[in-house]
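Single-structure report; data block below.
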Amino acid sequence: MKLFGTIGALAAALVALGVSGAPAAAQDKVKVGVFPISSSLPYFVAIERGYFKARNIEPETIKLMGGPANVAALMTNQIEVSAVLVTLEGLNANVKKPGVAMYIAMHSQTPDYKMEQFVVRTGLTDKVKSIADLKGLKLMSAPGPANLNTAKGVLAKVGLKDGDYTIDQLDMGQHVNAMKAGTFDGGYTLEPGATIMEKMGVAKRIEAGVISTYILGNPKADAFAAGCAFTSDFIAKRPDVAKRFAEGWAEAVDYIKKNPTEARKYLAKNTMTPDNVVDEVPMLGYTMTKDMSPEQLGWLQQFADFGTEIGVVPEKIDVKKVVKGF
């Protein structure tokens with residue numbers, strides 16, 4: 001009797017401590033496409049600080065370089081989430097397959113929140129002081145039809161038309177070396193590439209925030225050129241998992257806003273950001289779509305309409321139909 005009493009007491013103690021013979025519930029796995037540039041920061045903050053784990057989420061990171069690769073993976077259900085999906089390419093995908101990219105968060109870019117920007121190689125800085133001065137030069141562009149046509153749209157706004165320059169898409173991983181080698185005279189690039197180029201002394205930033213200034217016509221406008229998107233299938237088939245993933249992302253966004261200096265360290269080793277520029281790479285204006293103001297939705301709609309004008313988004317789309325709040 002004494003033995004059984006001891007066993008019973010031990011069992012009760014284990015239950016009190018939350019220990020039982022039943023196996024622990026498996027974490028919900030989510031396949032996430034990640035373009036490892038600095039704008040993917042909320043994803044890595046959520047992983048490293050345990051925000052997903054606390055919600056029983058286990059992200060499966062699938063590296064995908066650029067918008068087209070992420071779109072293809074979303075369209076074929078190879079991923080459920082894209083951590084950084086170029087907005088115009090996501091809208092294009094939604095026209096082809098409604099609901100394939102539902103944005104739960106957006107990344108604002110302005111002259112202060114630097115991402116898309118024009119640079120020129122160091123040897124030409126005495127001649128090139130503005131974007132208009134790129135006339136006659138050989139340029140590179142961040143990959144994908146949205147980036148390429150946005151670059152052309154900005155160049156057109158400053159008076160440069162097709163034939164006034166040449167421009168070719170180039171994988172982001174090659175931008176720094178292309179500037180270093182002098183393969184291109186300048187171009188339309190992203191972070192952290194631009195900061196790395198300046199740090200190395202191989203190129204100089206001409207102007208950032210070009211979507212706000214030239215496409216939206218207001219340097220203070222939020223240019224939501226990319227964001228985090230879920231597939232509608234993910235939302236419909238696993239609504240609770242989608243909600244918890246979004247909550248983890250929202251906690252990461254809140255942490256970045258409150259602790260920008262500390263948040264920067266998560267760029268190292270997770271993105272294409274070298275340790276020596278982690279403290280210098282510009283931050284973005286991370287926003288959950290549920291928290292966007294009517295004015296911000298208006299900026300997003302204006303940018304979407306620009307996408308239709310340049311042929312990247314085949315038909316006009318109401319952006320309120322492609323944002324999802326949790």
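The values are calculated or read from the model by the stated rules, or taken from the named source; none is laboratory data. Remember, it's a predicted structure, so these values are computed and weren't measured experimentally. Virtual Cβ from ideal backbone geometry, glycine too; neighbours counted across all protein chains shown.
Could you list all residues from region 258-270 that are more than 16 Å from the chain's Cα centre (by Cα) and basic (K, R)? Once the filter is applied, which keeps residues that are more than 16 Å from the chain's Cα centre (by Cα) and basic (K, R), region 258-270 yields K258, K265, K269.
Tell me, please, whether a residue that is surrounded by fewer than 18 Cβ atoms within 10 Å (Cβ to Cβ), modelled with pLDDT under 95, outside any strand (DSSP E or B) and touching a Ser or Thr at 6+ places or on another chain (Cβ under 8 Å) can be found in region 134-145. Looking for residues that are surrounded by fewer than 18 Cβ atoms within 10 Å (Cβ to Cβ), modelled with pLDDT under 95, outside any strand (DSSP E or B) and touching a Ser or Thr at 6+ places or on another chain (Cβ under 8 Å), one finds none in region 134-145, hence no.
Looking across region 84-126, the residues that are under 14 Å from I206 (Cβ atoms) and basic (K, R) come down to K114, R121.
If the requirement is being crowded, with 19+ Cβ neighbours inside 10 Å, in contact with a strand residue (DSSP E or B) (Cβ under 9 Å, 6 or more places away or on another chain) and either modelled with pLDDT of 95 or more or hydroxyl-bearing (S, T, Y) (or both), which of these qualifies: G209, G193? If you could, list the steps in order and put the result at the bottom.
Working: G193 fails: either modelled with pLDDT of 95 or more or hydroxyl-bearing (S, T, Y) (or both).
The unique qualifying residue is G209.
So, A22, is that one over 23 Å from A250 (Cα atoms) and at pLDDT below 90 or not? Answer is yes for this residue.
The set of residues from region 34-50 being over 11 Å from L267 (Cα atoms), at pLDDT 95 or above and buried (at least 23 other Cβ atoms within 10 Å of the Cβ) comprises just one member, A46. Under the condition of being touching a residue at least 40 places away in the same chain (Cβ under 8 Å) and either of a type in the set (K, R) or outside the structural domain of G186 (by TED's automatic domain parsing) (or both), the residues counted in region 131-149 number 1. Of all residues in region 103-126, those satisfying the criterion of being under 19 Å from I167 (Cα atoms) and of a type in the set (D, E, K, R) are E116, R121.
Within region 213-223, is even one residue modelled with pLDDT of 95 or more, of a type in the set (A, V, I, L, M, F, W, C), touching a Lys or Arg at 6+ places or on another chain (Cβ under 6 Å) and not assigned by TED's automatic domain parsing to the domain that holds V86? The answer is no, given that none of the residues of region 213-223 is modelled with pLDDT of 95 or more, of a type in the set (A, V, I, L, M, F, W, C), touching a Lys or Arg at 6+ places or on another chain (Cβ under 6 Å) and not assigned by TED's automatic domain parsing to the domain that holds V86.
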